[in-house]
Amino acid sequence: MLELGLKNRVAIITGASDGLGRATAEKLAAEGCKVAICARREAHLRDVAETIASTTGSEVLAVPADVSKAADIERFVGAAVDRFGGVDIAVNNAGKSAAASLEEVDDAAWQEDLDLKVMGAVRVCRLVVPIMRARGGGSIVNATIVGGKAPLARALPTSVSRAAGINLTKSLANEYAADQIRVNTICIGLLKSEQWVRRAAGRPVEELYQELSASVPLGRIGEEAEYADLVAFLVSDRAAYITGTAVNLDGGMAAVV
């Protein structure tokens, strides 16, 4: 087994009640991290936290929060620091699909997407950077999409907000490298997640996955656990020389590297 050196580190993960965020929380807890998770659905979030804690033996803190609201982010990070004494790892995972044509997206939809995906990550980073600096370093992973590098038509506003996330990653990596704070982003392609279950609208979701697989060179949809494994590697000691990188997790779909 590859030792990642994550035992007793403190990780915070946004959007962690389902899908990729939950898989990441499970993985980091299994590696020995103390984990704080947030999402909007309080009862479900607390059930998830209890399940992860019971299966991994790690401490898991659940804090109901809307990542698009600055006060909620402050409360979430503050609760993690109060409970665990600091933050070593931050995973900005919160987000949702938002893809339409220019004429279909009004100002309110633009603002909602930017508040959730860009300002949510900015605010988390602004809060955790001083904490990480005082602890001698840390690691941040921002979830983005391959469309942030090479957007398709009718991919607004998410292709723009995710491009901002990629550039935020590179800028922060350069700014805080001297403080031993590493910042990377995972550019997601087609991965299994709760959003596809919802889009399946009652039909077997595996049928939808099979259809989507036709556009993936590797011939399948990615697994949630594969995303979680990559996050765990990037925040670990094994990736100590990796920062400012945008890693495609897309089965070879993207036309750009």
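The values are calculated or read from the model by the stated rules, or taken from the named source; none is laboratory data. Here the structure is a predicted model, which means the values were calculated and not measured. FYI the Cβ positions are ideal-geometry reconstructions off the backbone, even for glycines, and counts take in every protein chain you see.
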(request) Output the number of residues of segment 31-40 satisfying the condition of being more than 15 Å from the chain's Cα centre (by Cα) and under 11 Å from N8 (Cα atoms). (result) 4
(message) Cβ-Cβ under 6 Å, sequence separation 6+ or interchain: first residue in segment 122-133 and on the phi < 0 side of the Ramachandran plot, partner of a type outside the set (A, V, I, L, M) and buried (at least 20 other Cβ atoms within 10 Å of the Cβ). Which pairs?
(response) V124/N92; M132/G138
(request) Determine, yes or no, whether N184 is closer than 20 Å to L249 by Cβ and under 15 Å from the mean Cα position of the chain (by Cα). (result) yes
(request) Kindly provide the set of residues from segment 7-30 that are over 17 Å from the mean Cα position of the chain (by Cα) and farther than 19 Å from V124 by Cβ, ordered by number. (result) K7, N8, A30
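Please return the ranges of helices (runs of 4 or more DSSP H) entirely within segment 161-251 where 2 or more residues are polar (S, T, N, Q).
The qualifying helices (runs of 4 or more DSSP H) are 205-213.
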(message) If I ask for residues that are of a type in the set (F, W, Y), more than 19 Å from the chain's Cα centre (by Cα) and surrounded by 17 or more Cβ atoms within 10 Å (Cβ to Cβ), which ones from segment 67-113 would you list?
(response) F84
(request) Just need a number here: residues in segment 32-57 that are closer than 17 Å to I140 by Cα and either in contact (Cβ under 8 Å) with a residue 60 or more places away in the chain or among the basic types (K, R) (or both). (result) 1
(request) Output yes when any residue across segment 197-217 is surrounded by 17 or more Cβ atoms within 10 Å (Cβ to Cβ) and among the acidic types (D, E), and no when none is. (result) no
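For segment 121-150, what are the residues that are assigned to a loop (DSSP other than H, G, I, E, B) and either over 17 Å from D250 (Cα atoms) or at pLDDT 95 or above (or both)?
Those that are assigned to a loop (DSSP other than H, G, I, E, B) and either over 17 Å from D250 (Cα atoms) or at pLDDT 95 or above (or both): R135, G136, G137, K149.
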(request) Please specify each residue of segment 31-45 satisfying the condition of being within 21 Å of G120 (Cα to Cα), touching a Ser or Thr at 6+ places or on another chain (Cβ under 9 Å) and hydrophobic (A, V, I, L, M, F, W, C). (result) V35, I37, C38, A39, L45
(message) Let me spell it out: the conditions are (1) surrounded by fewer than 15 Cβ atoms within 10 Å (Cβ to Cβ); (2) on the phi < 0 side of the Ramachandran plot; (3) out of contact with any strand residue (DSSP E or B) (no Cβ under 6 Å at 6 or more places or on another chain), and E42 meets all of them except one. Which number is the exception?
(response) (3)
(request) Could you grab me the full set of residues in segment 132-143 that are farther than 15 Å from S171 by Cα and crowded, with 20+ Cβ neighbours inside 10 Å? (result) M132, G138, A143
(request) Output the number of residues of segment 112-155 satisfying the condition of being under 28 Å from K192 (Cβ atoms) and among the basic types (K, R). (result) 3
(request) Determine, yes or no, whether I242 is within 27 Å of R9 (Cβ to Cβ), crowded, with 20+ Cβ neighbours inside 10 Å and not acidic (D, E). (result) no
